[in-house]
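Below is one structure; the comments refer to it alone.
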Amino acid sequence: ASASSTLAIADIFDMQQSRMVQAIQLLDEQIVFDIDENEMLLLPIKDKKTHTYEAGGEKHELDIRLYELRSLTLSSDPQGVKVGEVFCAAESSWGGELDILVVVRPIGHTGLSSDRYAESLTVQWLSAE
């Protein structure tokens, strides 16, 4: 619950803007056209707020968020055109520390449909803690 609260506070303080800049930089390395970070939108995707992962024989219920990364320069639509997705998973500890995994996937990435909640990467991340 505290991870969810922290993610909500992060959204309020617009910390997602820094997530978007990081996502754009990563995405820019993977696609053939240039992306201008000043011409991008990060729109929340309505989805469940938590997901349960199994790592090392233990179940971990993590708070998650999904965002569409949209380019305003590739379309005349004021909402832009979708060029990728950003997935965030958060886990909090008793010490007040929050660990966040951010996964950026360009449009057309197979994981967008076959691994919606980035199971494989999240389990690796949880196992490495």
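Only the coordinates and a few stated rules stand behind these numbers; no lab work does. Because the structure is predicted, anything quoted here is derived from the model rather than measured. Here the Cβ is made from the backbone with ideal geometry for all residues, glycine too, and neighbour counts use every protein chain on show.
Worth a mention:
- Gain on full stretching of the segment that runs from LEU41 to GLN124 - 0.36 nm per residue minus C-alpha separation: 27.0 nm
- Nearby lysines by direct alpha-carbon distance to LYS59 (threshold 30 angstrom, same-chain neighbours under 8 apart not counted): LYS46, LYS48, LYS49
- The trypsin sites (Lys or Arg not before Pro) of the stretch 67-122 that meet both conditions, a loop assignment by DSSP and at most 15 other Cβ atoms within 10 Å of the site Cβ, are ARG116.
- In loop segments of the stretch 44-125 as defined by DSSP, the chymotrypsin sites (Phe, Trp or Tyr not before Pro) with at most 11 further C-beta atoms inside 10 Å of their C-beta are TRP94.
- For ALA55, the residues 5 or more places off, or on other chains, whose built amide H falls under 5 Å of its own are HIS60.
- Estimated FRET transfer efficiency when R0 is 25 angstrom, pair SER113-LYS59 (beta carbons, to 0.05): 0.55
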